[in-house]
Amino acid sequence: MTDTKQRSRTDLAELARRIEATWAGETEDTEAVEAAIAALDAGEARLATPPEEPGGEWAVHAWVQKAILLYFRHAGMETHRVGPYEFHDKIPLKRDLAAAGVRVVPPGHVRYGAHVERGCVIMPGYVNIGAWVGAGTMVDTWATVGSGAQIGRGVHLSGGVGIGGVLEPPGARPVIVEDGAFIGSRSIVVEGVRVGAEAVLGANTVITASTPIIDVTGPEEVVHRGVVPPRAVVIPGTRPKRFPAGEYGVPCALIVGRRKASTDRKTSLNEVLREFAVAV
């Protein structure tokens, strides 16, 4: 692993140039690949960065995805032993957790190349390479954070939540869960879906890029796809669809309300659970 220090934008731009050259087959710069993964691990580079202005789009950095794919290509299989546990893999475990102020409960697993900010708690869950997890976030038991997923600050991923990973094709948007969101037990968010700040997903909500996310709070439905609006309260639902064999209910997600801006996150969440009876 390459030792890292704080990198300027100029340094990252040069590193991106070297990764692009290696991806194109113009060179075989394994040093640049190692440096890129080390920068991810240290939080000096991110696979996607949030918008500078509210309501803007996240920027996806395809060169970072390429660096991870190149790392898989050149890294060799190794045996890693941690107490009674043995792993045989290309990517080692993340190190120096105490210095980083991160709690990982056995057998929780954070891969090298993922960045986890201070104050995070990783129960026996999993955080994959390229992921970024913000300060104060809880990754609860058996929750998984896929490759490159971007999880904001103060998020709660409840037990068994599945956050999908996206590395290919380079440039594809990863799954993004913004600050303060609450993802209920056994929910699944995949295919580059963006969950807005302080949104709440009830238990067992499944959202893919094509899932209709239907706001049913007004006189007429409003359908979103790929994005859960900020502060939305969402539960799983079905809507009828006709097939040759008959009419059946197909999965959708229903926006049944909004968290109130007048309350803080903790009070607001408790209020949501009471007011909308959302299972978590």
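Just so you know, all these numbers are worked out from the coordinates, no wet-lab data involved. What you are looking at is a predicted structure, and each value in this text was computed from that prediction instead of being measured.
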Problem - Cα-only Debye scattering, region 179-219: base-10 log of I(q)/I(0) at q = 0.16, 0.17, 0.19, 0.26 Å⁻¹ - result: -0.43, -0.48, -0.60, -1.02
Exercise for the section: Calculate for the chain the 222 nm mean residue ellipticity that helices alone would give, adding -39,500 (n - 2.57) per DSSP H run of length 4 or more and normalising by residue count, nearest 500 deg cm²/dmol. Expected result: -6000 deg cm²/dmol
Practice task
Using P(r) over Cα pairs in 5 Å bins from 0, in percent as the read-out, say which of [x] 1, 4, 7, 9, 11, 13, 14, 12, 10, 8, 6, 4, 2, 0, 0; [y] 1, 6, 12, 16, 17, 16, 12, 9, 6, 4, 2, 1, 0; [z] 1, 6, 13, 18, 20, 18, 13, 7, 3, 1, 0, 0 was calculated from these coordinates.
Solution key: [y]
Fill in the blank from the handout: Note on the chain: contact order normalised by length, alpha-carbon pairs under 8 Å, 6 or more apart, percent, works out to 10
Completion exercise
Note on region 115-197: the mean projected area of its alpha-carbon convex hull, in nm², is 4.3
Problem - Percent antiparallel among DSSP beta bridges (both partners in the chain, rounded to 5) - result: 40
